[in-house]
């Protein structure tokens, strides 16, 4: 599967390690790497301190930013190289449903439907799955300033939403990694094991949940 995939996405909730893993896979494949720029969202820090007030602004900013990234990258990239990204545009409505009031969600959905009907689907999605406890520990450990105000309850809700989203996801081949028992971000042995399993992937949906 891996050698045939030209557009790969690594996804997972806050703290799962998707950005670092996307970089590692991209470097191993000599691919172009497309990472979302959280710092480019001027509302994100305010959202983390007052979600009710800044949810819509933060969500719309991400929607425009991510859709524009994909369109610009498609125009400018080397067509001979694969792409590895750390965000899936299809996931955005999941956060909108969690963060927005009903009237705000209705407005968001109208804009989303205008912007995203032609978004390219990945050839492979790698989902890093981890329990809320693991995510909370990793978020606290890395100590990023804009994440300090995130509550454990909110991180647990995000984790649950991701699990439900990918339980039903069928738009692309899906490789689910138990990121609690495996640490392909920090452990070379686990990364090599994961990379080998990706090369051997044959089914449309596979789960990888143990360390070798």
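Screening the candidates 136, 126, 176 for the property of being modelled with pLDDT under 90 and under 18 Å from the mean Cα position of the chain (by Cα) yields one hit, 136.
Scanning the range 88-122 for residues that are touching a strand residue (DSSP E or B) at 6+ places or on another chain (Cβ under 7 Å) and closer than 24 Å to residue 194 by Cα, we see that the one that is surrounded by the fewest Cβ atoms within 10 Å (Cβ to Cβ) is 91.
Condition (residue is under 18 Å from residue 195 (Cβ atoms) and in a loop (DSSP other than H, G, I, E, B)) applied to the range 46-60: is it met by at least one residue?
Quick first cut of the range 46-60, residues under 18 Å from residue 195 (Cβ atoms) only: none.
No.
Take the conditions touching a helix residue (DSSP H, G or I) at 6+ places or on another chain (Cβ under 8 Å), over 28 Å from residue 71 (Cα atoms) and without any contact (Cβ under 8 Å) to a residue 40 or more places away in the chain and apply them to residue 189. Does it pass? No.
Which is within 17 Å of residue 157 (Cα to Cα) and out of contact with any helix residue (DSSP H, G or I) (no Cβ under 9 Å at 6 or more places or on another chain), of 92, 50?
Numbers: 92 fails: out of contact with any helix residue (DSSP H, G or I) (no Cβ under 9 Å at 6 or more places or on another chain).
Selected residue: 50, the only one of 92, 50 that is within 17 Å of residue 157 (Cα to Cα) and out of contact with any helix residue (DSSP H, G or I) (no Cβ under 9 Å at 6 or more places or on another chain).
Which of the residues spanning the range 123-133 are touching a strand residue (DSSP E or B) at 6+ places or on another chain (Cβ under 7 Å), outside any strand (DSSP E or B) and within 16 Å of residue 165 (Cα to Cα)? If you could, list the steps in order and put the result at the bottom.
Of the residues in the range 123-133, the ones touching a strand residue (DSSP E or B) at 6+ places or on another chain (Cβ under 7 Å) are 123-129.
Narrowing further to those that are outside any strand (DSSP E or B): 123.
Selection gives nothing.
Would you confirm, using the coordinates I've provided, whether residue 106 is modelled with pLDDT of 90 or more and over 12 Å from the mean Cα position of the chain (by Cα)? Yes: the conditions hold for residue 106. Could you tell me whether any residue of the range 49-70 is over 18 Å from the mean Cα position of the chain (by Cα) and over 26 Å from residue 151 (Cβ atoms)? No; the residues of the range 49-70 include none that is over 18 Å from the mean Cα position of the chain (by Cα) and over 26 Å from residue 151 (Cβ atoms).
Tell me yes or no: at least one residue of the range 59-76 is closer than 20 Å to residue 156 by Cα, buried (at least 17 other Cβ atoms within 10 Å of the Cβ), at pLDDT 90 or above and touching a helix residue (DSSP H, G or I) at 6+ places or on another chain (Cβ under 8 Å).
Looking only at the range 59-76, we keep the residues that are closer than 20 Å to residue 156 by Cα, and these are 59.
With the extra rule that they be buried (at least 17 other Cβ atoms within 10 Å of the Cβ), the set shrinks to 59.
Adding the requirement that they be at pLDDT 90 or above leaves 59.
Filter again for touching a helix residue (DSSP H, G or I) at 6+ places or on another chain (Cβ under 8 Å), leaving 59.
The answer is yes, given that some residue of the range 59-76 is closer than 20 Å to residue 156 by Cα, buried (at least 17 other Cβ atoms within 10 Å of the Cβ), at pLDDT 90 or above and touching a helix residue (DSSP H, G or I) at 6+ places or on another chain (Cβ under 8 Å).
The values are calculated or read from the model by the stated rules, or taken from the named source; none is laboratory data. As the structure is a prediction and not an experimental result, all values here were calculated from the model. Don't worry about glycine lacking a Cβ; one is built from the backbone with ideal geometry, like all the others, and counts go over all protein chains shown.
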